[in-house]
Amino acid sequence: MKDTPPGELVDAVLAVARGRSILSPSVLDRVITAATRTTAAEEAGSAADARARLALLTDREREVAVAVAEGATNAEIAADLFVSVATVKTHVGHAYDKLAVTNRVQLALVVRAARPDGTRPVSATTD
């Protein structure tokens with residue numbers, strides 16, 4: 001309030017008198033930051049949850065899920081793993097079912113959450 005021009009203070013008082021809520025931009029910034037901040041413990045818990053979910057997949061399904069998260073197409077995954085595109089689609093479908101996701105983006109988000117540093121390989125264990 002110290003930095004607020006007098007005209008804005010008057011407008012704020014009148015707005016509050018009419019029943020409106022008022023937050024200064026600096027307070028609003030702090031509220032948004034606090035509401036969207038995650039703690040290290042929350043991030044670790046989220047990563048542990050994601051690793052536990054990935055542990056539901058077979059090794060091959062996990063391999064395919066990681067490749068999807070890295071942006072590979074079904075054809076690219078098939079070539080890398082020496083399997084058919086149909087087999088890749090089957091693995092992707094099984095991963096969707098086991099992880100309760102409906103698309104490649106959601107699948108990639110689970111994989112990324114399991115390795116928040118972006119570099120650690122995804123394993124079946126929860127470390």
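Screening region 59-75 for residues that are under 19 Å from the mean Cα position of the chain (by Cα) and of a type outside the set (A, V, I, L, M) and picking the one that is modelled with the highest pLDDT gives Arg62. Within region 92-116, being of a type in the set (D, E, K, R) and surrounded by fewer than 15 Cβ atoms within 10 Å (Cβ to Cβ) holds for one residue alone: Asp97.
The values are calculated or read from the model by the stated rules, or taken from the named source; none is laboratory data. Please read all numbers here as calculations on a predicted model, not as lab measurements. Neighbour counts run over all protein chains shown; Cβ positions are idealised from the backbone, glycine included.
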